[in-house]
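Bear in mind these aren't lab numbers, they're just calculated from the coordinates by the rules spelled out. What you are looking at is a predicted structure, and each value in this text was computed from that prediction instead of being measured. For neighbour counting, all protein chains shown are included, and Cβ atoms are generated from backbone atoms with ideal geometry for every residue, glycine included.
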Amino acid sequence: MPKGSDLLVAALENEGVDRVFGVPGEENLDLLESLRTSGIELVLTRHEQAAAFMAATHGRLTGRPGVCLATLGPGALNFSTGAAYAHLGAMPMILITGQKPVMSAKQARFQIVDIVASMKPLTKMTRQIVSAAAIPSTVRDAFRVATEERPGPVHLELPEDVAAEEVENASVIPVHTAERPVASALSLDGAAEIILGAGRPLVMIGAAGNRPALVEALSSFVRRTRLPFFNTQMGKGAVTGGSNLYMGTAALSEGDYVHEAVERADLIIAIGHDTVEKPPFLMKSAGGPRVIHVGYQSATVEQVYHPDIEVIGDIGAAVEGLAERLEGKLTPDEGMLDLRQRILARLNDRAEEDRFPVTPQRIVHDVRKVMPEDGIVCLDNGMYKIWFARNYRTHVANTLLLDNALATMGAGLPSAMMAAMLHPDRRVMAVCGDGGFMMNSQEMETAVRLGLNLVVVILNDSAYGMIRWKQAVDGFPDFGMSFGNPDLVHYAQAYGAKGSRVTAVEDLVPTLEAAFAGGGVHLVDVPIDYSENTRVLVDELRNRTPDVECA
């Protein structure tokens, strides 16, 4: 007779799950045995946080929830950052944790923490499974909640005695799809009329516009309307193909060169903007451009974002409807297209400078040179994220993965590992600061054990560079930011990976090419010079003179 854990695994298989990431404990042993005899692969990680990051990235790249597993108490609590990462980043994920038996308490309160309560603010739904018979409906509901807009994590707690409980006459619930509501024709007509009446419309693509299922719809919208567009950091790469309409990425909230386009615009069509992101521009109470919000859900009104018009419904259907109403009726603003050339020229400034240690601009330039159009770059969190967001050009959707929501350190390596598992035929690179890398560096062993092909670039400045820069910009003395690193080449080799160190700027591209050609897991240690942070992102932008002539 099947037991609860068997039924849970059958329900996961019913949902199309082929991998579970995690670190099991004694409260998961029934579930572990059920997984052993199933068709689902258990991907054993070295820390629960990494398992959660991998599951979240699976959801981000596929649109289908990734699944991760941990035991009770300390193991479950190690999921917290990963849950928040998925919650703020709108990545569908299922977190499964164990618990002591609920019908008996032979170990009193040992290791018991109220994980359901602790997960409540970090997930869309959290639930303890109280009977084996309830497992099929609970799992089906969990996947439904995790995937419906706005996507995110769902937590299920499986007590040890419920996992071992025998159950009869229980079967899984068939998966069904639900069509999302679409915007009314009236709202589409109204938005189209406003766009046609604008002199200098500008499209902004946000995080919710960067879903796997939206790639063709948004790419078609841009081709058909010929509207210039920019994107938020997490909206980057939503439109495929080269375009002479791309104005740039808003890596800062104001004052960057891309904001000259915002200042010129009299209307911004914000597609999928999620205010969980650091603001890509700051709305004014009066005097700024009008804003149309196109989203799955109505806009969250913030001090810096309060749209004038909203088009609510499935984004793919909405942009298709707008394209039908706008195609062939818009006259491109020549001033905006001229401005585009100046913006992108500024972003390419000093991209090939031969200074050593390497500058951020050169890092971005050389990474772009070795990555094919479909190559995937996964960023950890640090100062380099701003440079990649500003300067790295994408041509295929979901090829630059960064986190501008929780913006946690430590996610870059696990995220890249997941990308390499999903796309073994493509080049995948993790770009990490030395601080962020060391937070989950133990997963190098996992990557080697899994036989992944993965290049891990470590930007080495022996400091928490972003905060050190902010400390200096704010006029504080340099304090509390520096640390020492192990010999990173030997560190990689200790895990069975390969390691290289760049000692001259001209060696960066050949070293990266050799790392990819050699296969396997290869760490590349790159000293970086962050003095450009202040020269460009403070002094140069502060002194820029925007050309926002609207005549």
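Sorted from longest to shortest, the spans of the Cα atoms of segment 4-164 along the three principal axes equal 42, 30, 29 Å. Under 5 Å from the amide H of Gln99 lie the amide H atoms of Leu158, Glu160, each residue being 5 or more positions distant or on a separate chain, with H modelled from the backbone and absent for Pro and chain starts. For segment 309-414, the residue among Ala323, Asn398, Met409 whose Cα projects farthest onto the positive side of the dipole built from Cβ charges is Met409.
Could you work out how much longer the chain between Glu13 and Val538 gets when fully extended? Use 0.36 nm per residue separation minus the Cα distance between them, nm to one decimal.
Values: separation 525, 0.36 × 525 = 189.00 nm, distance 5.20 nm.
Additional length available on full extension: 183.8 nm.
Multiplying the residue separation of Leu42 and Thr275 by 0.36 nm and removing their Cα-Cα distance gives an extension gain of 80.3 nm. Each residue, Ser298 and Ser253, gets one label point 7 Å from its Cα in the Cβ direction; the gap between the two is 2.5 nm. Cβ crowding within 10 Å, taken as a proxy for footprinting-reagent exposure, orders Cys378, Cys68 from fewest neighbours to most as Cys378, Cys68.
With a cap of 13 neighbouring Cβ atoms within 10 Å, and only residues DSSP puts in a loop, list the trypsin sites (Lys or Arg not before Pro) found in segment 1-68.
Passing both the DSSP loop test and the Cβ count: no residue.
For Leu401, the amide hydrogen comes within under 5 Å of the amide hydrogens of Val377, Cys378, Leu379, counting only partners 5 or more places away or on other chains and with H modelled in the peptide plane.
With a Förster radius of 35 Å applied to the beta-carbon distance between Thr62 and Phe476, the computed FRET efficiency rounds to 0.20.
Students often get this wrong, so check it: of Lys3/Lys124; Lys278/Lys470; Lys278/Lys385, which have C-alpha atoms separated by over 18 Å? Going by Cα-Cα distance, Lys3/Lys124 fall outside the 18 Å limit.
What residues of segment 197-216 lie in the reach of a label at Arg325, counting those whose backbone N is under 17 Å from a point 7 Å from the Cα along Cα→Cβ? Residues 197-199, 201-204 fall inside that zone. Evaluating 6.51 cos²θ - 1.76 cosθ + 1.60 at θ = phi - 60° for every residue in segment 41-57, the Karplus couplings come out as 7, 8, 9, 7, 9, 9, 7, 5, 4, 5, 4, 5, 4, 5, 4, 5, 5 Hz, glycine and proline recorded as x. For Glu310, nonlocal amide neighbours, meaning residues 5 or more places apart or on other chains whose placed amide H falls under 5 Å from its own, are His293.
The base-10 log of I(q)/I(0) for the chain, evaluated at q = 0.11 Å⁻¹, reads -1.01 [Debye formula, identical scatterers on Cα atoms, solvent excluded].
Which trypsin sites (Lys or Arg not before Pro) in segment 249-298 pass both tests, a DSSP loop state and at most 11 other beta-carbon atoms within 10 Å? Loop-located and lightly packed - Lys284. For segment 327-380, GluC sites (Glu not before Pro) meeting the loop criterion (DSSP other than H, G, I, E, B) and having at most 16 other Cβ atoms within 10 Å: Glu327, Glu352, Glu353, Glu373.
A run of the chain free of exposed loop cleavage sites, with chymotrypsin sites (Phe, Trp or Tyr not before Pro) counted only in DSSP states other than H, G, I, E and B and at most 15 other beta carbons within 10 Å, reaches its longest extent at 111-478. Couplings 3J(HN,Hα) for segment 2-7, derived from phi with the Karplus relation 6.51 cos²θ - 1.76 cosθ + 1.60 (θ = phi - 60°), are x, 10, x, 5, 4, 5 Hz, where x marks Gly and Pro. If we count every other residue with Cβ under 14 angstrom of Lys369's Cβ, Lys/Arg +1 and Asp/Glu -1, where does the sum land? Summing Lys/Arg as +1 and Asp/Glu as -1 gives -2. In vacuo Debye scattering of segment 60-134, one point per C-alpha: log10 I(q)/I(0) at q = 0.11, 0.27 Å⁻¹? Evaluating at q = 0.11, 0.27 Å⁻¹ gives log10 I(q)/I(0) of -0.31, -1.37. A full extension of the chain between Ile467 and Ser104 corresponds to an added length of 125.8 nm, given 0.36 nm per residue minus the alpha carbon distance. Taking Cα centre as origin and charging only the Cβ of basic (Lys, Arg, +1) and acidic (Asp, Glu, -1) residues, the dipole magnitude of the chain rounds to 340 debye. For segment 247-262, the Karplus equation 6.51 cos²θ - 1.76 cosθ + 1.60, evaluated at θ = phi - 60°, returns couplings of 9, x, 10, 7, 7, 10, 7, 6, x, 8, 5, 5, 6, 5, 5, 4 Hz by residue, with Gly and Pro reported as x.
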